[in-house]
1. Just tell me which aspartates and glutamates come within less than 13 Å, Cα to Cα, of Lys65; anything on the same chain fewer than 8 places away is out.
2. Which value, in nm² and rounded to one decimal, describes the direction-averaged projected area of the C-alpha convex hull of the range 84-239?
3. Largest first and in whole Å, what are the equivalent-ellipsoid semi-axes of the range 36-94 based on the Cα gyration tensor, each being the root of 5 times an eigenvalue?
4. To the nearest 10 square angstrom, how much accessible area does Ile278 have with a 1.4 angstrom probe?
5. If I take R0 = 51 Å and measure r between the Cβ atoms of Ala245 and Ser301 in this structure, what FRET efficiency does the formula 1/(1 + (r/R0)^6) give, to the nearest 0.05?
6. Can you give the convex hull volume of the alpha carbon atoms of the range 194-297 per residue, in Å³?
7. Taking the alpha-carbon distance from Lys246 and a cut-off under 14 Å, which aspartates and glutamates remain once sequence neighbours fewer than 8 residues away in the same chain are dropped?
8. Looking at the range 33-109, which trypsin sites (Lys or Arg not before Pro) are DSSP coil and have at most 14 other C-beta atoms within 10 Å of their C-beta?
Amino acid sequence: MTVRPHRTIHLAAHFPGVNSTTVWADPRSRSQIAFSSFERLARTAERGLFDFFFLAEGLRLREHKGRIHDLDVVGRPESLTVLNALAAVTERIGLAATVNATFNEPYELARRLATLDHLSGGRAAWNVVTSSDAFTGENFRRGGYLDRADRYTRAAEFVAVARELWDSWTPDGLSRPFAHRGQHFDIAGEFTVPRSLQGHPVVIQAGDSGEGREFAAQAADVIFTRHGTLEDGRAFYADVKGRLAKYGRSADDLKIMPGVTVVLGDTAAEAQERAAEIRRQQVSPQNAILALEQIWGTDLSSYDPDGPFPDTDPVPDASITQGRNRHGDPVATAEKWRALSREKGLSIRQTVIEASGRQSFIGTPEAVAAELETFVRQDAADGFVLVPHLTPGGLDEFVDRVVPLLQERGAFRTEYRGTTLRSHLGLPDPAEKG
């Protein structure tokens, strides 16, 4: 096994906002839409010298059994607008917006991203996502018309066109006419925004699928992923980095940053106890039945979350939940969960807690710092996107207790040495077109 010498760990902060990641019943939790919440978490991440602050996207309020999903009832604000405001109250941290490449147009989005890059002094990033979800598509004039393969074809062309637009100004500050003729886009004119300090906003790709890995290898600067163990991470890392050469890229041109959670304690036992309590709060009895209904595709409200699983199989192609993608085969997932329940004697809720847990680093600050460094030194990741369980104060303990230890180990920066997000990530600026 290859173990590299000390390498700088890259860190980013995810604002959890929606989903049951945030423990909303905790008295320390605040609004998921108030600007003060975004500002608090972003400032904490910047105090911790993180590379970037990351916002997800929600293009339609989700529905479950014909009603708006409970966690969406207070709304889901638009990412770029929030980040433009954060640009004014932060100085160094990168600002990453998730924006869909299926329901936008290259010219308009490239302009909005270039504007954020200018306003922030070269700190903008774009997390490129796609969708074939017809339910979400009803909010847009095109609807859910793209199949899975076409989504990534369109996304790749979308990113290429955006880069053409960002390159359309000369080094002397003059705009040049552009024209693009492709499968999905046919546009011509002049771009309104001059080249920014870091040349192009950083491009992020989220997801683990084969199409997503190939798209990231071809077009992304960062891939935001998830994998549960050191060995899974090493396999993913080797696979994605191995795809770069055919696109004329080196291993350092793409940073791999899985989303993770961290739970700390003064002792290992205390950390494990805190982690178990957080999982119980995240998977309430109501959330356990909701998770089951998303797999089974039918109303299971009569079942006891502390009781056994349904004897029936999931309903094929059911649409009880709208706006939330299913992952994998529901029948296979149901059988896997039943087997886990039988093997360990778990109730519905206990099984959901065990089966749906995200990768977590749990332990004392010293143990967590060592484990984070191990993942990077053994090529399982280049860094991590931290997803706290509290909004907006969930990073405080990590920044105060783990970051100094990483710095003492020589595994993390002690100051920002550049001003742009590309400089934080160690990425070169794109060459200017003469």
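1. Leaving aside aspartates and glutamates fewer than 8 places away in the same chain, those within reach of Lys65 are Glu293, Asp299.
2. Its average projected convex-hull area is 10.9 nm².
3. On the way: eigenvalues 163, 23, 17 Å².
Each semi-axis is √(5λ); the values are 29, 11, 9 Å.
4. Spelled out: Ile278, probe radius 1.4 Å, area about 20 Å².
5. 0.45
6. Values: hull volume 21.3 nm³, N = 104.
Normalising the Cα hull of the range 194-297 by residue number yields 205 Å³.
7. The reachable aspartates and glutamates, counting only those whose Cα sits under 14 Å from Lys246, are Glu214.
8. Passing sites in the range 33-109 are Lys65.
The values are calculated or read from the model by the stated rules, or taken from the named source; none is laboratory data. Values in this document were obtained by computation on a predicted structure and should not be read as measured data. Here Cβ is always computed from backbone atoms with ideal geometry, including for glycine, and neighbour counts include all displayed protein chains. When the accessible area is computed, the model is the full protein with side chains, heavy atoms only, and any ligands, DNA or RNA have been set aside. Shrake-Rupley method; radii C 1.70, N 1.55, O 1.52, S 1.80 Å.
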